[in-house]
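**Student:** Below you will find the structure I want to go over with you.
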Amino acid sequence: LQSKLCNTIPAYYPGQAQDAGPPKEYMMSGRPAEDEGDVDGPAAAPLSLAFIGLGKIGAAICRNVVTKSRPSLVSSSLHYDVNPDASSKIEEETGGKSKAASSIAEAVSNADVIFTALPNDA
């Protein structure tokens, strides 16, 4: 995921210029897919994402990753929070790109990547 999102979410690495891409040791390979002619090499299949916990940090991560990622990177997104209002708000803020799940199990059942942002006192 890191190599796929590096053009979407800025990431800086030790000893690298800010405009240089990630060094090879930081690259992770995705699932194989047909080459779309991307300058970064062969494209990987789009990922299914799950977000658990939609407080200040979790909501911001979900909103930014889902709305700012290229469509060819994210195939689907589900989210879950114990507060149903938070789930509804994120669904609205992402324009329906991330759908509310009824349980954690449903949210993560088909996810390739799971983001968690949970309070320490849970």
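**Student:** Within the bounds of region 30-38, is there any residue that is open to solvent by 20 Å² or more (accessible area, probe 1.4 Å), within 13 Å of the chain's Cα centre (by Cα), more than 23 Å from Leu118 (Cβ to Cβ) and modelled with pLDDT under 85? Please lay out each step first, then the result.
**Tutor:** First, the residues of region 30-38 that are open to solvent by 20 Å² or more (accessible area, probe 1.4 Å): 30-38.
Cutting the leftovers down to within 13 Å of the chain's Cα centre (by Cα) gives us none.
Checked against the condition, which is being open to solvent by 20 Å² or more (accessible area, probe 1.4 Å), within 13 Å of the chain's Cα centre (by Cα), more than 23 Å from Leu118 (Cβ to Cβ) and modelled with pLDDT under 85, region 30-38 yields no hits at all.
**Student:** In addition: Does region 77-105 hold any residues that are touching a strand residue (DSSP E or B) at 6+ places or on another chain (Cβ under 7 Å) and part of a helix (DSSP H, G or I), and which are they? Walk me through how you get there before you give the answer.
**Tutor:** As a first pass, look at region 77-105 and keep what is touching a strand residue (DSSP E or B) at 6+ places or on another chain (Cβ under 7 Å): 77-80, 87-88, 90-91, 97-101, 103-104.
Answer for region 77-105, where residues must be touching a strand residue (DSSP E or B) at 6+ places or on another chain (Cβ under 7 Å) and part of a helix (DSSP H, G or I): Ser87, Ser88, Ile90, Glu91, Ile104.
**Student:** Continuing with the same structure: Look through region 91-116, keep the residues that are within 16 Å of Lys68 (Cα to Cα) and among the hydroxyl-bearing types (Ser, Thr, Tyr), and return whichever of them is surrounded by the fewest Cβ atoms within 10 Å (Cβ to Cβ).
**Tutor:** That would be Thr94.
**Student:** Can I ask one more? Somewhere in region 66-78, is a residue within 14 Å of Ile104 (Cβ to Cβ) and either open to solvent by less than 10 Å² (accessible area, probe 1.4 Å) or in contact with a Phe, Trp or Tyr (Cβ under 8 Å, 6 or more places away or on another chain) (or both)?
**Tutor:** So the first thing to find is which residues in region 66-78 are within 14 Å of Ile104 (Cβ to Cβ), and the list is 78.
Subsequent filtering for residues that are either open to solvent by less than 10 Å² (accessible area, probe 1.4 Å) or in contact with a Phe, Trp or Tyr (Cβ under 8 Å, 6 or more places away or on another chain) (or both) retains 78.
Among the residues of region 66-78, at least one is within 14 Å of Ile104 (Cβ to Cβ) and either open to solvent by less than 10 Å² (accessible area, probe 1.4 Å) or in contact with a Phe, Trp or Tyr (Cβ under 8 Å, 6 or more places away or on another chain) (or both), which makes the answer yes.
The values are calculated or read from the model by the stated rules, or taken from the named source; none is laboratory data. Just so we're clear, the structure is a prediction, and the values are computed from it rather than from any experiment. For neighbour counting, all protein chains shown are included, and Cβ atoms are generated from backbone atoms with ideal geometry for every residue, glycine included. Just so you know, the surface numbers come from the protein's heavy atoms only, side chains and all, with ligands and any DNA or RNA stripped out. Shrake-Rupley method; radii C 1.70, N 1.55, O 1.52, S 1.80 Å.
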